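Quick notes on the structure that follows.
The values are calculated or read from the model by the stated rules, or taken from the named source; none is laboratory data. From a predicted model like this one, the values you see are computed outputs, not experimental measurements. Here the Cβ positions follow ideal geometry from the backbone for every residue, glycine too, while neighbour counts run over all protein chains shown.
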Amino acid sequence: MKQSQLNAYGNNEIANLSKRYLAKDPNYISSIDIIIFEWQKLKRYVAKDLKNLKIKREDLLIYILTNKDFEYGFKGILEIIEIYCALPCSNAEVERGFSTMNRIKTKERNRLLSQTLGSLMMLSLNGPPAEDWKNEDTNDYISYWHSNYNVKLGDHI
């Protein structure tokens, strides 16, 4: 990559991430100009020493975040890199949530309270698989629930 290309590479993206994620942070002490300066310094360091580092390109962010050489003088850009690493790379988790909600809240179950729907979704998304619930304890819970809460049990129980 030419020096002029390297100088411009990523500046707009870093500025946008800084505005979006750090501008409202009460601990935000670096201005965007300082973060861009740190970004320039980081690019020069990595471009110069990448061949000597003998690390894979995909391991570069881990190297930058864990190397003591970047502990001082790179505070703002390291915050941006940490934020970048935490951002989801797809919306699959959101889609999974909507699919779960549509599976739980059907035409027949359209009067579920938001709290109940949220709890059922939490169990469905994060709870143990249904196979783990098929044991003697489950029958005890169902019997207790049936006897104390006047619940109709279907033929499948």
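Return the total of residues in segment 87-99 being part of a helix (DSSP H, G or I) and not basic (Lys, Arg).
7
Here is a list: TYR144, TYR84, TYR72. Which entry is within 25 Å of SER18 (Cα to Cα), at pLDDT 75 or above and outside any loop (DSSP other than H, G, I, E, B)?
TYR84
Restricting attention to segment 34-69, which residues are β-branched (Val, Ile, Thr) and either more than 18 Å from TYR21 (Cβ to Cβ) or without any contact (Cβ under 8 Å) to a residue 24 or more places away in the chain (or both)?
Result: VAL46, ILE55, ILE62, ILE64, THR66.
Would you confirm whether or not segment 113-120 contains a residue that is of a type in the set (A, V, I, L, M) and under 30 Å from LYS19 (Cα atoms)?
So far as segment 113-120 goes, no, none of its residues is of a type in the set (A, V, I, L, M) and under 30 Å from LYS19 (Cα atoms).
Output the number of residues of segment 87-124 satisfying the condition of being aliphatic (A, V, I, L, M) and at pLDDT below 85.
Counting residues in segment 87-124 that are aliphatic (A, V, I, L, M) and at pLDDT below 85 gives 2.
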